[in-house]
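Q: The structure is given below, and queries will be raised subsequently.
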Amino acid sequence: MEGKKIILSLKNIGLFYKRKTGLLRHDKFWALQDVSFDLCHGETLGIIGKNGVGKSTVLRLIAGIMEPDLGEVIRYEPLRASLLALQVGFIPHLTGRQNAILGGLFLGLCRSDVEALLPRIIEFSELGDFIDQPVRSYSMGMKARLGFSVALYADPDILLVDEVLGVGDVDFRKKSADALREISKSNKTVVIVSHNNEVIRSLCDRVVWIENGHIEGVGPTDAVLQQYQQAHAAVVVSDAARPGKAALEAGGMRSEA
Amino acid sequence: MQAYLDLIRYKVYAELSAEAARTFLGILWWLIEPVLYMSVFYLIFGVMFQRGGEGFVYFLLVALVVWKWFDSSIRNGMVSLETNAAVIQQVYQPKFIFPVIVVLINTAKFLFVMLLFLLFLLISGKQPSISWLALLPLIGVQFVLIAGITSLCATVIPFVPDLKWVVDNGLTMLFFLSGVFFDISALPEHFQGWLRLNPMAVLIEGYRSALLLGQMPDWGQVFWVLLFACILIVVAVGVFTRYDRIYPKLV
């Protein structure tokens, strides 16, 4: 990490969700087990892994939304983390403008700051006059653009991106990808969760690979991505007896490689 | 801290204005709804059962107005964490702001209706007396009571969602026992003590004394209600603090 300052550490994190298994019975589903890694100032960290709830949970732990059940999250300085998810708590019958203000307030800005940022937020979202229409009349893409715009301008210390880059039309996707690239290159700390290895490869300095709640690899992007692809190639080979699944994996692999 | 106050203030304003904009008659409904609600009770108890004597309308309305505030706040506030599940899982805020916002919204609507009720009293020829000033402390105490019960329910329900139905039926039962459509002092002595254990019964009697009888409420009893309410708030704050970052897993 060449002298970069560590701003946050996850140490031996364990987190479970309760699951109902019958009348009056619950069991614990461990979403994360013994997860540890550091986050350095100014780096862009990628989190990859097969579908499951672990990756999003990690983002929420970093954001301070949840506390782990085991282990701890150490913050070496006061940090504001902003989760760039699709709709930051939008209320359907309120207008885009009102939701943008709400979003900003939720992200910890005070009223005057939000109002000052509002023109730029509206401009980036490209919503134009729709900004004064209720959000329930928006398409998914419009909601995503507004959410992205608010979270971006809230200017957090750590920007947490959860699979949000695939929404909107081609122009907006490009714009958001460019914005993200700008931020990644700057000295802002970014954590990106994505299934798209291209995005990870182009934006991230380091990658954490989490699967089934465990860490399978931590390190420089190329190294970990290679590990990941090798592991999944192995899966394809061993499933050769089942043509359906193998074809699915092979198809998936091809678009990612 | 300032950001949270801004957030609460903005959310209350936004919800109220959205409610007003959503329906055809807008804020008129804040008046019409209570009037409709009260007409039903008046029709059944005042006209059909001939329960009231003179002045039964006012006797009934005073209680219904303050009860509605109590009831709506708790019903909506207790599920406020569930209602806001999406935003709770996306960004950190102290969870207590959610029931607080609900209580404030219902309080705003209550104050509006109470004002109209006072106007109604004046128009009907009731003379305002010095006892009307007792309204302020009564409303203050009721606010603390509502905040306390609502917050406490809101802390517990994410853990045991079944309690929603317990509270639901509890409120219905409490409604019948609060002397909304009967006079507690007209009942046999041994019942009165039990019924006055219900904080809302105490407050309703207080409101009636102040507004209709020109007398001061029983401040001793009101004080106990305040004490009880403060304890509830302390407990609620404690639970919220302890489980603040656990709630996102539950909702």
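Q: Scan B:Lys68, B:Lys126 and give me the residue that is away from chain A (no Cβ under 14 Å) and either part of a loop (DSSP other than H, G, I, E, B) or on the phi > 0 side of the Ramachandran plot (or both). Don't jump to the end; show me each part of the working.
A: On the way: B:Lys68 fails: either part of a loop (DSSP other than H, G, I, E, B) or on the phi > 0 side of the Ramachandran plot (or both).
Answer to the check: B:Lys126.
Q: Okay, next question. Tell me which residues, restricted to region B:1-50, are crowded, with 16+ Cβ neighbours inside 10 Å and either over 23 Å from the mean Cα position of the chain (by Cα) or of a type in the set (D, E, K, R) (or both).
A: Selection gives B:Ala3, B:Tyr4, B:Asp6, B:Lys11, B:Glu15, B:Glu19, B:Gly46.
Q: Sticking with this one: Regarding region A:49-60, can at least one residue be identified that is closer than 26 Å to A:Asp157 by Cα and exposed (fewer than 15 other Cβ atoms within 10 Å of the Cβ)?
A: At the first step, the residues of region A:49-60 found to be closer than 26 Å to A:Asp157 by Cα are A:49, A:53-60.
When the remaining residues are screened for being exposed (fewer than 15 other Cβ atoms within 10 Å of the Cβ), the result is A:53.
Yes, some residue in region A:49-60 is closer than 26 Å to A:Asp157 by Cα and exposed (fewer than 15 other Cβ atoms within 10 Å of the Cβ).
The numbers here are math on the coordinates, done by the rules we state, and not lab data. Note that the structure is a prediction, hence the values are computed from the model and not measured. For neighbour counting, all protein chains shown are included, and Cβ atoms are generated from backbone atoms with ideal geometry for every residue, glycine included.
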